Structure formats: C-alpha cells, structure tokens
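Only the coordinates and a few stated rules stand behind these numbers; no lab work does. Please read all numbers here as calculations on a predicted model, not as lab measurements. Glycine also receives a Cβ, built like all others from the backbone with ideal geometry; neighbour counts cover every protein chain displayed.
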Amino acid sequence: MKTARATAHSNIALCKYWGKRVDAPAELNLPATGSLSLTLDALWTETVIEPAGADRFELDGVTHVDDAARKVFAHLDRMWRAAGRDGARPHAHVRSTNHLPTAAGLASSASGFAALTMAAAAAFGAELDRTRLSALARMGSGSAARSIWGGFVRLDRGDRPDGEDCVARSLLPADHWDVRLVVVQTTAGKKPIGSTAGMERSRTTSPYYDAWVDGAPQDLDRAEAALVARDLPTLGAVVEHSCFKMHACMLASSPPFTYWNGTTVEVMRAVWASRAAGLDGFVTIDAGPHVKVLCTAQTAATWVQQLGALPGVVAVQTCAPGPDAAAEVIA
Ligand code: PMV
C-alpha cells in the first residue's frame, strides 16, 4: 500500500434521508428514502492513510480505541476487498482532521467517511469510479455517499435487493447557483440517540414513518426541478417540508425523541418571522440541535447578523457550494 491523502466536504440534505431498508442486508446500509444535498465549502475533513505496524485511528490529534475506530478499520477492510487485493489487509495509520465540529449534527460522518473512502482507494491502488466510491462510502455512513461530489447531489433509493440501483450522482455543479447555507450553532449537548438507532425507533414505532417514506420521491422531484430553475421559494418550501416531516416522525416515535433544544426552536421561529417580513431564507435541521438556513448570497450577511444576535446562539458560519472529494498518493 501507499501513503495517500484525501479531502471531502460535508453536505447538507435539502431532502432528507431518515430510515434504512430492511429488505436488504444491513451491511449495504440502504436508505429507505432518496435524498438531495448541497456540498459545503467551509466544512470538510482531511484524511491521511499510511502503512503502519498496527492499525491506529487518530482524529484531530487524539487516538481513538472506541466504536469510531472499529468502524474506520471495518471500512478499510471493505475498501481492501473492493480494491480486489488478495490476502490480509496491511495495517494502517489513519489520521483525520475535521474542519468542523465533530458529532454535533454537522455531518462529520459524511465528510469523514467520504474522505476515508477516497484516501483508502488511493492508498490501496483501487481503480474505482465515483459511483462505486459513493456506494462504498454509503456503507460507512449513508450521508457520506453524497459527499463524493461537490455542488448539488441526488442519491436515489432504488428497489433492487442487491442495492445496485441505490446510486448517488452529481445533479448540478457548485457554480450552478450561488446559494448560501448559514449554519447557526446552538449549544451542543450530548445527542439523545445516534442516527441509526433513531431511524430504527422511528421505523418500528412512529405512525408517521410510512407517510414519511411514501412522500419522499415527490419531494425529491420537486426539489430537483426547483434547483434546476434556481427557484428559491419553491425549493425552500420543499426543504422545510422534508425537514419537518422527518422531525415529526421522530417526535411521534415511542418513546419520543428530538435533537432540538430551546434555542433550536427560537432560531426556527426567528427565521419564519423574518421571512414573513420579506427576507428569503428556509430552515433545515439534521440529527442535532443546530439550525441551517438556505438563502441567497445577497441575504446571507443579514441572516448572520440577525440570527447571531439571538440568545443561546454560540456561533454562525456561512457556507457556499463546495467541491468534489479528492485524493492523491503522496508517498
Ligand atoms: O448518514 P447518517 O447516519 O449520519 O444519517 C444522516 C441523517 C440526516 O443527517 C438526519 C439526514 C441526511 O440525509 O443527511
């Protein structure tokens, strides 16, 4: 194996993925809903993989010996097999740096597994196209499948039990539309429940789960059409509908759960109030307490100023559409 370095940018789902298919092997990690995302320039992961005497995973300078490390090594095994290499996988030292807050609902798993996939493919000499790399990244984390591409990305659910028709693709490049995503960070407590467990609880107990899954294809098609037309009010309406159907599904689970805190709700209400007063911006929230606002480049600074002044908001960051994931062999 070689030493390789990769970068991958995080993404925000404009149409969400929540729930896993149960008619296919769990290892494939197939989503119950397709999703549509925007890759973000300012939030990204850099990963270096080099040969070593023993497996080691270091994140932001700290060596991990936990579940996160086990997932990383399992992904390296998967990548070694995908590279068609015989024999035992060589031990590797994986060093990742997150240029974003980890495990706070800012999709560090998306950029993390996308960067790991790209770096491992380069280190192991795997000749794989981006579609295949995306399918491999998905097995590490569903949202990572989308971070292989920059710009605007669609991941279709597919129907086949082998998952071969569950593929992500670039819809439009980053320069198609100069939108912004204003990331409003509220105080990050510990997550009440991990995303995989939360999806399972929603699937098995929420009476809204089937409605959520059934409505997803229509949201995706509407969002794609609005994106092509650069129609922010139409896209924004779909973005909010997809987001709040997902969160309603969580709230209607038994026992109920939510990733929101009080500030999450105050920020949401502030966005809706400003929009009613004429400022275009649309809310989306993932499996975490932060609020993201989709808006135009022209209004981003006003949103930052207004939302940054709200009590409980700890940081506000603006992201533009970001680039493809990339990798290079460095030794
Ligand atoms: O890929 P995961 O397991 O981190 O799940 C992502 C789920 C959401 O962020 C809530 C939605 C999405 O499509 O990114």
Modelled FRET efficiency - R0 35 Å, Ile330 with Gln218, Cβ distances, 0.05 increments | 0.15
Lys/Arg +1, Asp/Glu -1 at C-beta; the chain dipole; positive extreme among Pro217, Ala82, Thr47 = Thr47
Taking the Cα centre of the chain as origin, work out the dipole magnitude from +1 charges on Lys and Arg Cβ and -1 charges on Asp and Glu Cβ, in debye rounded to 20.
-> 420
Of Val94, Val329, Val65, how do they rank once you tally other Cβ atoms within 10 Å and put the fewest first?
-> Val65, Val329, Val94
About the Cα centre of the stretch 247-331, what is the dipole size in debye to 20, counting +1 per Lys and Arg Cβ and -1 per Asp and Glu Cβ, all else neutral?
-> 300
Square roots of five times the Cα gyration tensor eigenvalues for the stretch 119-173, Å | 18, 15, 9
Tensor-based shape of the stretch 88-202 (alpha-carbon gyration tensor, a/c under 1.5 rounded, otherwise prolate or oblate) = rounded
Cross-link reach list, lysines versus Lys190, counting only Cα pairs under 29 Å and skipping chain neighbours closer than eight places | Lys16, Lys20, Lys71, Lys245, Lys292
Starting from the Cα gyration tensor of the stretch 1-94, take the square roots of the eigenvalues, sort them a ≥ b ≥ c, and report rounded, prolate or oblate (rounded when a/c is under 1.5, otherwise prolate if a/b is larger than b/c, else oblate).
-> oblate
Dipole magnitude (debye, nearest 20) for the stretch 199-297, charges at Cβ of Lys, Arg, Asp, Glu | 240
Using alpha-carbon positions, the gyration tensor of the stretch 157-295 gives root eigenvalues a ≥ b ≥ c; with a/c under 1.5 called rounded, otherwise prolate if a/b exceeds b/c, else oblate, the class is oblate
Whole-Hz Karplus couplings 3J(HN,Hα) for the stretch 314-331, θ = phi - 60° and coefficients 6.51, -1.76, 1.60, Gly and Pro as x, run 9, 6, 9, 9, 10, 10, 9, x, x, x, 4, 5, 9, 9, 8, 7, 10, 6
Listed residue (His64, Ala6, Trp272) projecting farthest to the positive dipole end of the chain, Cβ model = His64
What ranking do Asp67, Asp210 get, fewest neighbouring Cβ atoms within 10 angstrom at the top?
-> Asp67, Asp210
Taking amide hydrogens as modeled 1.01 Å from N in the peptide plane, which residues meet the under 5 Å criterion relative to Leu59, leaving out close sequence neighbours?
-> His64, Ser96
Tail beyond 35 Å, pair distance distribution of the chain (Cα, percent) | 18
At a Cα cut-off below 20 Å, give the aspartates and glutamates reachable from Lys2, other chains included and same-chain residues fewer than 8 away excluded.
-> Glu46, Glu50, Asp55, Glu58, Asp77, Asp86, Glu127, Asp129, Glu328
Whole-number percent relative contact order across the stretch 139-293, with pairs defined as alpha carbons under 8 Å at least 6 apart | 24
Of His9, His64, His75, how do they rank once you tally other Cβ atoms within 10 Å and put the fewest first?
-> His64, His75, His9
